[in-house]
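Below you'll find the structure, written out as structure tokens, and then a few comments.
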Amino acid sequence: GNPALLAKVCIHCGVNDKQSNYPTEIFDPNSYELSDYYDNLASETRKKQREDKNSNAVNNVSLNMVNNVDKVFKSECLSSDISKKQAVAAEIAARLGNTKR
């Protein structure tokens with residue numbers, strides 16, 4: 001059917017198309033808050049999904065960085081030079097300190 005027809009008939013006959021046959025004490029269709037409507041719920045859901053995706057991306061970057069530092073640390077620590085090990089440990093501490101929020 002024609003979606004504009006319902007609106008025209010409601011206006012012509014003075015009918016509220018969102019009204020109910022139940023008393024308002026049982027069901028009041030006008031009592032819903034804007035946050036209860038499906039488009040607002042969908043918007044909130046999309047927002048949370050984007051936040052979760054961004055959070056997962058940050059966690060993945062941190063995990064990759066730790067893995068890379070671990071590889072460097074293992075390769076550099078095979079050396080017997082104590083000063084080199086201390087330098088690598090200081091660099092790792094500095095890198096990990098920069099990732100904290």
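Annotations for the structure displayed:
- Test for Ala42: is it among the small types (Gly, Ala, Ser) and at pLDDT 85 or above: yes
- Residues located in the stretch 1-38, provided they are at pLDDT 85 or above, open to solvent by less than 100 Å² (accessible area, probe 1.4 Å) and acidic (Asp, Glu): Asp28
The values are calculated or read from the model by the stated rules, or taken from the named source; none is laboratory data. Fair warning: this is a prediction, and the values are worked out from it, not measured in the lab. The area values use the complete protein model at the heavy-atom level, side chains included, leaving out ligands, DNA and RNA. Shrake-Rupley method; radii C 1.70, N 1.55, O 1.52, S 1.80 Å.
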